[in-house]
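What follows is a short report on a single structure.
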Amino acid sequence: DGRDESVESPIELFEKSGNTADRWIVAADNSKLSNDKSAEIFQAEKNQLRYIEDKTVAGAIVRLKDSSGQEQALAVLGSVEWLLVEPESCESSWRMIPAENIIAAARSTGTKLAFAVTKAADVAGLAKALELGVDALCISTRSGNADPGLWKTAFEARKERNAEAEKSSASSSSDSKNAEPTPEIVVGSCWRKDTKGTVLADRICVDLVQKLRPEEGCWVGSSAKVLALVLSEAASSQFVPTRPFRVNAGPVHSYILLGDGITTKYLCELQAADQVMVYNAQTNSSKPVAVGRLKEETRPCVLVELETRQENGLDGSVGPRGQVFLQQAETVRLARPSGEFVRVTDLEAQSGGNRMDVNRE
């Protein structure tokens, strides 16, 4: 970031130290620009980044002072190529948590995220946040002069990121590891955890704007890595009327798979109009459905252990494990292959065993 330089070209000033940058940001009225075309040059004009060659908009600049700055950053995702986030420079300002929130939201939007950094201690956290990191670190020439260690740390982070990218690119030719991770639906086992009775939890029922079939439900779990297919309350019973629009999804802490089929949300953060992924265990098809309302009540819940099976295992080797808390009620059902199900109340309390087959992600 060379916006502070007015006497000497910031690029020439920087290159005197023997360093190179991938991109430069200069002030809109800066005429002392290098002819070096090896790096992209953006001009900062108010809250916009513009390409210096043709003045077209390249991105947006958002000042992060409080939560309103984060909301502004989230609002522009998907509408610009670059988003530069500049946190408040005071010591009490938040940087890491907002960075994680914006990185998570920017995923799959097409917007690349640059984050201004003023001290070396923040570099590693920003470069590796959520195991993804920001796309670029923005360092002003003024900050670099004040903290020479900042440049060294930033270049080490760039070198490490480039090495990881090369490794990932080499792997993608054989196993596509460089592609966006896609959830996989597998068959596994589940059983009720042997605990001392039930636990009282703030349970949430997700009421959708469409009716679901008895073999349809939502993916829910205590970990986003392993989710169980919790079926709708569409199954008929002589004791209670059906609620085909409802999924009794469990306590507030649980994750639920959203309509894009990739991201998750805590049940307590789910809102009306959010879309969740609905899966049909009989036809093996998915569709996004909007949430109509959420019903939160204190109810007794049990802990159900989940164990996936490796499809390519030589002798049924065990895959990732997870768990899900669910209300102890006959209307709460977990999906089995071909549209069958098992009721939570039918699971015996054990420390292992009772392996009921269950589809999950």
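Table for the structure above
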| read-out | value |
| --- | --- |
| Per-residue ³J(HN,Hα) for region 70-85, Karplus 6.51 cos²θ - 1.76 cosθ + 1.60, θ = phi - 60°, Hz, x for Gly and Pro | 5, 5, 5, 5, 5, 5, 8, 4, x, 9, 9, 6, 10, 10, 9, 9 |
| Other-chain or far-sequence residues with amide H under 5 Å of Ile52's (modelled H) | Ile41, Gln43 |
| Residue pairs, from the table Lys55/Lys265; Lys65/Lys112; Lys112/Lys167; Lys167/Lys225; Lys159/Lys265; Lys46/Lys119, whose Cα atoms sit over 28 Å apart | Lys55/Lys265; Lys159/Lys265 |
| Between region 230-304 and region 320-349, the Cα center-to-center distance that results, in Å | 13 Å |
| Whole-Å distance, taken between Cα centres, linking region 97-132 and region 198-215 | 34 Å |
| As computed over region 188-350, the Cα convex hull volume per residue (Å³) | 113 Å³ |
| DSSP-defined beta bridges in region 188-350 - what % are antiparallel, rounded to 5 | 95 percent |
| Integer Hz, Karplus 6.51/-1.76/1.60 couplings in order for region 247-252, x for Gly and Pro | 10, 7, 8, x, x, 4 |
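Each reported figure results from applying straightforward, stated rules to the coordinates on display, with no laboratory input. Keep in mind that this is a model prediction, so the values were computed, not measured.
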